[in-house]
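Here's the structure we're looking at; comments come further down.
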Amino acid sequence: MKNEEFGILDMQKALSSYVKREESVLHRKRKAYAGRIIKMVRHLSRDRSLRSLHDQVLRSGTSIYSNILESEFAQSPADFANKLSISLKEANETIGWLELLYEDGSIDEKSYDSMRKECEELLALLISSIKTTKINQQLVK
């Protein structure tokens, strides 16, 4: 039997892509952003009165990271686009939580602007990746 029948070449290709992911702008940005979210929430956690809000921004902000990570071993191009779409929704939610934290005075304008800008950069990368995947797979006309 040929190796292809067992999907060995597909697994080798996936492993090769996994090793090269460090070169991906999306990979680097999602990891850096998750780290910033964690540090911000750790700093905010001193104020227990808004703990549930802090937990929400932590969950949505780190979900961007985990769904992009999950997309790297998607079962199909449609699954890949779906995982990135989930990250897109989580990024949008994160911006909403950041707005509330800023309006409440929990984070200053400089921090808010910086975190929002970085999240918007992720949004742009995600939209571009989803669109390219769908076009390449003729999922969108």
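The values are calculated or read from the model by the stated rules, or taken from the named source; none is laboratory data. Everything numeric in this text was worked out from a predicted model, so none of it was measured. Here Cβ is always computed from backbone atoms with ideal geometry, including for glycine, and neighbour counts include all displayed protein chains.
Listed by position, the helices (runs of 4 or more DSSP H) contained in region 22-141 that have at least 1 residues being of a type in the set (S, T, N, Q) and without any contact (Cβ under 8 Å) to a residue 40 or more places away in the chain are 51-71, 77-104, 109-136.
None of E90, E120 is modelled with pLDDT of 95 or more, within 13 Å of the chain's Cα centre (by Cα), of a type in the set (D, E, K, R) and surrounded by 20 or more Cβ atoms within 10 Å (Cβ to Cβ) except E90. Looking across S24, S66, S17, S76, one residue alone is at pLDDT 95 or above, under 20 Å from the mean Cα position of the chain (by Cα) and not β-branched (V, I, T). It is S66.
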